[in-house]
Amino acid sequence: MAGDTISFARGAPSADILPHEQVREAASRALASDWETALSYGVGIGHPGLCRWVAERHGHLDADQVMITNGSLEAGAMLFGHLLGPGDRVVVEQPTYDRTLLLLQQLGVELVPVRLEADGLDVGQLEAALSEGPVKLAHVIANAHNPAGCTLSTEKRHRLVELAAEHDFWIFEDDPYRELPFEGEPLQTMLSLDEGGKVVHASSFSKTVSPGVRVGYLAGPAEEIGKLAKKANETYISPNMLAESIVLELCRSGELDRNIEFVKGELKARCDALVAALREQLPEAEFVVPDGGYFLWLDLAEGTDTPALLAEAKSEGVSFVAGPDFMIEGGGNSLRLSFAPVPADRAAEGVSRIAGALERMRSGSPA
Ligand SMILES: Cc1ncc(COP(=O)(O)O)c(C=O)c1O
């Protein structure tokens, strides 16, 4: 095996781009000015100051439309538990985030797959699904999709919100990558377009501060947020107030915005290096070039077995996640590469190892 393993597997940045000094200093300031809130039990909505900050950041929300959670996966799990029951029809993108897929499968809902296009969910296929019966919720990852890397177009955002009002279903706008477009400003959220109160938005500080801080949030109609906050309070009293106080300090001091600019630059460099290496060393691979975030979804030639390729690749010192993990069925010739953990100068070596593993698998002479 050539050197250390290069892992394109985890949706997490390498430690060298975590803002550890800024967080240390923010923690010290938070414990000087906000220690009473930070060190006490809070309430179900989390830190009220951070709820206000998030509402202002979105620009069109009141603070009672926001609750802070221990990361956005928890936010999604709470929302699913609150809105869904066995047998409900739930639209999921294909491919989709593996962890939310698992949560939905555990709830016993009926999963309705809708494929992704280069500009997000195939709205025609969603309309066909709606004509076959009522849908309770559609799970949509709007920006820099995990795992597909694509971003939902503005036109489709408008259409989805219209359809939700017309057919009375919830949209769960799962949006942890919104603040990480490589060029320009983030697109309008579906939450901001929603006049019928059918969109619940989730986002996170995992990708803009760090995943270990475990601070995310839900934003949506005040009535639903109120019910969810009550449930949160009955379950865990309050989320982690110390972490939220530190995040609020980063937000208020401008460190958050500075870090977002820094992280976007690093991610773009990593993505560019990966794309160049793929074009050179794996020309059969088809992919949408990501316009932000962490992930690139690769389709290899029909008939390629990516779970088998992964086993081969691991013995070559490289890893990724095989496509079937993100699918209800199929995905066997696809895989997800996360460029966030791989510094730009390691991308070519990582791709070369994948290409080598593929060649060996196909020639029938595994390592
Ligand atoms: C689409 C999506 N939703 C939710 C999450 C969970 O994020 P958090 O760390 O905020 O729980 C992730 C993390 O990778 C994600 O990709």
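The table for this structure:
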| read-out | value |
| --- | --- |
| Condition broken by TYR217, with the remaining ones in (1) over 15 Å from the mean Cα position of the chain (by Cα); (2) within 16 Å of the ligand (Cβ to nearest atom); (3) among the aromatic types (Phe, Trp, Tyr) satisfied | (1) |
| Count of residues meeting criterion [touching a strand residue (DSSP E or B) at 6+ places or on another chain (Cβ under 8 Å) and of a type in the set (S, T, N, Q)] in the stretch 206-259 | 1 |
| Flag for VAL200 being modelled with pLDDT of 95 or more, part of a helix (DSSP H, G or I) and within 18 Å of LEU61 (Cβ to Cβ) | no |
| Residue in the stretch 295-308 that is in a helix (DSSP H, G or I) and buried (at least 21 other Cβ atoms within 10 Å of the Cβ) present | yes |
| Among residues of the stretch 107-132, those that are loosely packed, with under 15 Cβ neighbours inside 10 Å, closer than 16 Å to HIS145 by Cα and among the hydrophobic types (A, V, I, L, M, F, W, C), counted | 1 |
| Candidates GLY149, GLY85 - the one that is outside any helix (DSSP H, G or I), closer than 22 Å to PRO324 by Cα and modelled with pLDDT of 95 or more | GLY149 |
| Some residue of the stretch 131-143 being part of a loop (DSSP other than H, G, I, E, B), closer than 24 Å to TRP297 by Cα and away from the ligand (no atom under 16 Å from the Cβ) | no |
| Flag for PHE172 being in a strand (DSSP E or B), within 16 Å of the ligand (Cβ to nearest atom) and assigned by TED's automatic domain parsing to the domain that holds PHE205 | yes |
| Failed item, numbered, when ILE68 is tested on (1) free of Cβ contacts under 8 Å to residues at least 24 places away in the same chain; (2) of a type outside the set (Gly, Ala, Ser); (3) in a strand (DSSP E or B) | (1) |
| Hey, ALA9 at pLDDT 95 or above, outside any helix (DSSP H, G or I) and within 16 Å of the ligand (Cβ to nearest atom) or not | yes |
| Qualifying residue in the stretch 171-187 (condition: touching a Cys at 6+ places or on another chain (Cβ under 9 Å), surrounded by fewer than 19 Cβ atoms within 10 Å (Cβ to Cβ) and either over 30 Å from GLU56 (Cβ atoms) or of a type in the set (S, T, N, Q) (or both)) | no |
| Filter pass, GLY46 being within 15 Å of the ligand (Cβ to nearest atom), surrounded by 19 or more Cβ atoms within 10 Å (Cβ to Cβ) and part of a loop (DSSP other than H, G, I, E, B) | yes |
| Among (1) in contact (Cβ under 8 Å) with a residue 40 or more places away in the chain; (2) crowded, with 24+ Cβ neighbours inside 10 Å - the single one PRO211 does not satisfy | (2) |
| Tally of residues being under 16 Å from the mean Cα position of the chain (by Cα) and more than 10 Å from the ligand (Cβ to nearest atom) across the stretch 194-207 | 2 |
| Matching residues in the stretch 90-106 - criterion: being touching a Pro at 6+ places or on another chain (Cβ under 7 Å) and farther than 18 Å from PRO290 by Cα | VAL92 |
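The values are calculated or read from the model by the stated rules, or taken from the named source; none is laboratory data. Bear in mind the structure is a predicted one, so any value in this text is a computation, not a measurement. So basically every Cβ, Gly included, is an ideal-geometry build from the backbone, and we count neighbours across all protein chains shown.
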